[in-house]
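The values are calculated or read from the model by the stated rules, or taken from the named source; none is laboratory data. Values in this document were obtained by computation on a predicted structure and should not be read as measured data. Here the Cβ positions follow ideal geometry from the backbone for every residue, glycine too, while neighbour counts run over all protein chains shown.
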Amino acid sequence: MNKISIGLLFLITTLKIKAEEYCWSNYYGYPCCPDGAIPVYEADGYTWGYYNDSWCGMKLPEQECWSEVRGVPCCQYTYKPVYVDMDGDWGYENGNWCGIRNSKAKWNDREAVE
């Protein structure tokens, strides 16, 4: 019974940590806002909140990662592109390229999109 309890606790803790890893505001040194935070400021497409006398980043809705269909993972902490091409915006983390969420392709199968 103790091994099962310890295993479940470890699994829940790991899942919670993984869920908290993806937050754009971590890049700036701030946590993601918990439910109930008040949005107060918007800049560069991101919304800042305020909760318990501290700034936090309002959570983004879950989105598909455009680069995964090309075999490249989505960025976890990078939100500003270091390279832009017709497929989308690219970041660089831990020595590997990654696709930046919320970026859009600049072509429509035949031609450039403005």
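Scanning region 65-90 for residues that are more than 10 Å from R101 (Cα to Cα) and β-branched (V, I, T), which turns out modelled with the lowest pLDDT?
Only one residue tops the list, namely V69.
For every residue, the table says whether it meets (1) without any contact (Cβ under 8 Å) to a residue 40 or more places away in the chain; (2) in contact with a Leu (Cβ under 6 Å, 6 or more places away or on another chain); (3) of a type in the set (S, T, N, Q).
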| site | (1), (2), (3) |
| --- | --- |
| Y30 | yes, no, no |
| A37 | yes, no, no |
| G45 | no, no, no |
| N52 | yes, no, yes |
| K59 | yes, no, no |
| W66 | yes, no, no |
| C74 | yes, no, no |
| Y77 | no, no, no |
